[in-house]
Amino acid sequence: MNFLRAGQPESQLHIRPKASLTPKEQLRAIARGFGLSPEEAAELLTSSEPHRTDASLEKREEHEIRILCDAIAERIKEMILASR
């Protein structure tokens, strides 16, 4: 039994669930899956509305999520058009 317990830390098996990702982190992971690098996503965020200033952190998060969704949608459109 002790032999099995000795190997547990190395295998990274845990009973506790991993912390869930925020919606923005989930969208970033999806964007990476579609081939958008973090640099491209950051460029889209800054170039979409450079004059924009958000009054609160919540508004900024909503704006970033909307831009990431738009970027993912555009990448999907590009992939569909390229496959024709």
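In straight-distance terms, cross-link reach from residue 59 covers every one of the lysines whose alpha-carbon lies under 17 Å from its own, apart from those fewer than eight places away in the same chain; here that gives 24.
Taking the Cβ-Cβ separation of residue 16 and residue 39 as r and a Förster radius of 35 Å, what is the calculated FRET efficiency to the nearest 0.05? That gives a FRET efficiency of 0.55. Here the extension length gained between residue 66 and residue 81 equals 3.1 nm, from 0.36 nm per residue of separation less the Cα-Cα distance.
No lab work stands behind these numbers, since they all come straight from the coordinates. Bear in mind the structure is a predicted one, so any value in this text is a computation, not a measurement. In this analysis, Cβ positions are derived from the backbone assuming ideal geometry, glycine residues included, and neighbour counts consider all displayed protein chains.
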